[in-house]
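Heads up, the thing below is written out as structure tokens.
The values are calculated or read from the model by the stated rules, or taken from the named source; none is laboratory data. Model, not experiment: these values are computed from the prediction. Here the Cβ positions follow ideal geometry from the backbone for every residue, glycine too, while neighbour counts run over all protein chains shown.
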Amino acid sequence: MRCPFCGEDEDKVNDSRTSKDGREIRRRRECLRCERRFTTYERVDEAMPVVVKNDGRREPFDVHKIERGISFAVIKRPVSPEQVRQIAEAVEREISELGVDEIPSRDVGERVLPRLRALDSVAYVRFASIYRDFENLEEFARELRALKKAGGESA
């Protein structure tokens, strides 16, 4: 591992710990040249599918884009960053387990929606309005009625 401070290739590992969810290893390292310490994280590089956007463009799957989208939806809502991260990681795991080469972006958003709906109805409607791309106010009102009918008006 290259030292982020001096660029040296030689270091020693002082401490290794598994993350809470067991999906990555945190290592504290010390550079053998400058003796500064730094942290690295290791995780399995899972083969994730390419996301096919609505306009046909293709881009690599990025769990951070999911986190950002959810974060915008939960602004000023009682949802913690940890809850946002948990939803994004659950969606990432689900998509990884599909074993497909490509997935439409709409399918990614649809996998977020039920988790967000269970967490906060306002954030759910905000997120749905973007991912479902409502064409008019009636489509938006229909979604709100369905949410209210399902008992989601209290969040």
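Only one of R33, R43, R23 is at pLDDT 95 or above and of a type outside the set (G, A, S). Can you tell me which?
Working: R43 fails: at pLDDT 95 or above; R23 fails: at pLDDT 95 or above.
After applying the criteria, what remains is R33.
F38 - would you say it is farther than 30 Å from L98 by Cα, not assigned by TED's automatic domain parsing to the domain that holds V91 and not in a strand (DSSP E or B)? Quick ask: steps written out before the conclusion?
Details: farther than 30 Å from L98 by Cα: yes; not assigned by TED's automatic domain parsing to the domain that holds V91: yes; not in a strand (DSSP E or B): no.
The answer is no for F38.
Could you please find all residues in the stretch 43-78 being in contact with a Ser or Thr (Cβ under 7 Å, 6 or more places away or on another chain), under 19 Å from A90 (Cβ atoms) and of a type in the set (V, I, T)?
Selection gives V51 alone.
Within the stretch 106-132, count every residue that is assigned to a loop (DSSP other than H, G, I, E, B) and either among the aliphatic types (A, V, I, L, M) or free of Cβ contacts under 8 Å to residues at least 24 places away in the same chain (or both).
Initially, the stretch 106-132 is screened for residues assigned to a loop (DSSP other than H, G, I, E, B), giving 120, 132.
Within this subset, residues satisfying the condition of being either among the aliphatic types (A, V, I, L, M) or free of Cβ contacts under 8 Å to residues at least 24 places away in the same chain (or both) are 132.
Qualifying residue count for the region: 1.
Quick one: what pairs do we get from the stretch 46-74, first residue assigned to a loop (DSSP other than H, G, I, E, B), second of a type in the set (F, W, Y), C-beta under 7 Å, 6+ apart or different chains?
M48/F61; P49/F61
In this structure, is P78 under 19 Å from F127 (Cα atoms), surrounded by 12 or more Cβ atoms within 10 Å (Cβ to Cβ) and more than 15 Å from the chain's Cα centre (by Cα)?
no
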